[in-house]
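Taking it in order: structure first as structure tokens, then the write-up.
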Ligand code: NDP
């Protein structure tokens, strides 16, 4: 008999916490998972999943327009935000049910309460009940950062954006990263007047420069207004919306301000430091490769560790934790060559080194590009051009990076990322016969 109430107590039922709980329970561990909001976490409840559904919904604006060039007699259409919002939320409810069921089927106990750490092996629930566990796993994720200036509380974040009562006619989006560019595309397609405000003139830092330049150019053409090097001075409430004051610019009256200025690890008030768990300057739990914190019995996975803020990475960390601690299959996560995508309009995706990184690291590099108009866009009379870029080691020919923007870029890149991860050369791509006609065939025809 264990001296503890549970073998594992997980705090947070998001992507990392759910995977760790389910797999640990399947290995025979007695597992409880505490969740203060809804099972599924950011990705399922107010992140990747509802966002992607909005992206699909938004893209109909272009498809309906283009359909006429393909012979369809499309009558005048209008968009109903409430219908899409409620259908998306219905799907979120469905997934919330599936995640709950998955945990229960695996034998994990779900406790819908906030939990705080009160000892190396002790957790206290909001109800006041104290439980003990051999291991505690912190998987509490992160929350949106809102800059501090007068009236910043009048804005919303990605937590609220899915629930808006009505579609904003005018929206200011703060930030130039993933969330800002994805929602700029979504609202622009729905017909809102979108202004993206960023503190620098660099959007999507970390992506290859040619690809993000192409997104900027296409976004401008689609009518998104960009304000660079702009600081928020204040936001004032109006009877009808808000007035936004930016440095060096005329005030702007809009319906909604959305902050998409990064995410902060959820460690506040969790009791971690009091029991000896060290946090970094951003408040993230410091962990080693084995996900262990500075307290032997306390581990952390996912966004709360601020390593790579991506769902599939959190899932891998949760899996590695469970395999190592309860499955007798110790392993660590390989963080190299993680593919990622921005679901902008059009989407972009990348894996491996950017051209800049490769030049700094390898010195000798060869870059191949294809700058083309997808045939569907040609017939539709849409002037938007796709850009694919392959970065190769100049000596060995190994493909060290692949970056693209264009229709279905994330779908294409996920498959091609296998080749990059496997260390294949440009020659291996060249030897593969093209699948014609497709956009992906550009990858094997690069000159
Ligand atoms: P990002 O880190 O992508 O972008 C944050 C943006 O806000 C940057 O432009 C940054 O500027 C700016 N910024 C940061 N702090 C401030 C500040 N104090 N004042 C003004 N501007 C500021 O964060 P997001 O919020 O868009 O998304 C959070 C994370 O969630 C992403 O990093 C990503 O890991 C994940 N995510 C992934 C998605 C996907 O996989 N498709 C989709 C959505 C989110 P600067 O560049 O100057 O630092």
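Derivation of every value follows stated rules applied to the coordinates shown; laboratory data play no part. Every value quoted in this text rests on a predicted model; they were computed, and no experiment measured them. Counting neighbours? That spans all protein chains shown, and the Cβs are built from the backbone with ideal geometry, glycine included.
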Exposure-ranked with fewest Cβ neighbours within 10 Å first, 4, 299 stand as 4, 299
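Ordered by packing density, taken as the mean number of other Cβ atoms within 10 Å over each peptide's residues, highest first, how do 368-377, 64-73 rank? Can you show the working numbers first?
Working: 368-377: 16.1, 64-73: 11.9.
Highest mean packing first, the order is 368-377, 64-73.
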Would you please give the FRET efficiency between residue 165 and residue 379, computed as 1/(1 + (r/R0)^6) with r the Cβ-Cβ distance and R0 = 41 Å, to the nearest 0.05? 0.60
Using a Förster distance of 35 Å, how high is the FRET efficiency between residue 408 and residue 152, based on the Cβ-Cβ distance and rounded to 0.05? 0.40
In nm, to one decimal, how far is the residue 126 label point from the residue 234 one, both placed 7 Å along Cα→Cβ? 3.5 nm
Per residue and in Å³, how big is the convex hull formed by the alpha-carbon atoms of segment 100-153? 152 Å³
Once both label points are put 7 Å beyond Cα along the C-beta direction, the residue 69-residue 274 separation in nm becomes 6.3 nm
Based on Cα positions only, what radius of gyration and what Dmax would you give for segment 201-335, in angstroms? 21.1, 62
Highest first, please rank the peptides 41-48, 243-250 by the mean number of other Cβ atoms sitting within 10 Å of their residues. 41-48, 243-250
Note on segment 32-179: the mean projected area of its alpha-carbon convex hull, in nm², is 13.5 nm²
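Assuming R0 = 35 Å, what is the FRET efficiency of residue 361 and residue 60, from their Cβ-Cβ distance, to the nearest 0.05?
Working: r = 42 Å, r/R0 = 1.20.
Using R0 = 35 Å, I get an efficiency of 0.25.
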log₁₀ of I(q)/I(0) at q = 0.10 Å⁻¹ - the chain, Debye sum with one point per alpha carbon: -0.83
Nearest 10, in degrees from 0 to 90: the angle of helix 81-106 to the longest Cα principal axis of the chain is 40 degrees
Extended-chain gain in nm, criterion 0.36 nm per residue less alpha-carbon gap, residue 86 and residue 281: 66.3 nm
With a ≥ b ≥ c from the Cα gyration tensor eigenvalues, square-rooted, and the rule rounded for a/c under 1.5, otherwise prolate when a/b > b/c and oblate otherwise, segment 1-76 is prolate
Rounded to whole angstrom, the alpha-carbon centroid of segment 370-447 lies from that of segment 1-65 at a distance of 33 Å
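Could you rank the peptides 437-444, 317-324, 300-307, 143-150 by their average count of other C-beta atoms within 10 Å per residue, with the highest value first? Provide the component values of the computation, followed by the final result.
Details: 437-444: 17.2, 317-324: 24.1, 300-307: 28.0, 143-150: 14.5.
Ranking the peptides 437-444, 317-324, 300-307, 143-150 by packing returns 300-307, 317-324, 437-444, 143-150.
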Once the Cα atoms of helix 209-222 and of the chain are each reduced to a long axis, what angle between those two axes, in degrees from 0 to 90 to the nearest 10, is obtained? 70 degrees
Quick one: helix 409-421 against the long Cα principal axis of the chain, what's the angle to the nearest 10°, folded into 0 to 90? 70 degrees
What percentages make up the Cα-Cα pair-distance distribution of segment 373-423 when the bins are 10 Å wide from 0? 23, 41, 25, 10, 0
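Among rounded, prolate and oblate, which fits segment 332-402 when a ≥ b ≥ c are the square roots of the eigenvalues of its C-alpha gyration tensor, a/c under 1.5 means rounded, and a/b larger than b/c means prolate? All intermediate terms of the calculation are to be shown ahead of the outcome.
Numbers: a/c = 3.25, a/b = 1.67, b/c = 1.94.
Judged from the Cα gyration tensor, segment 332-402 comes out oblate (a/c at least 1.5, b/c at or above a/b).
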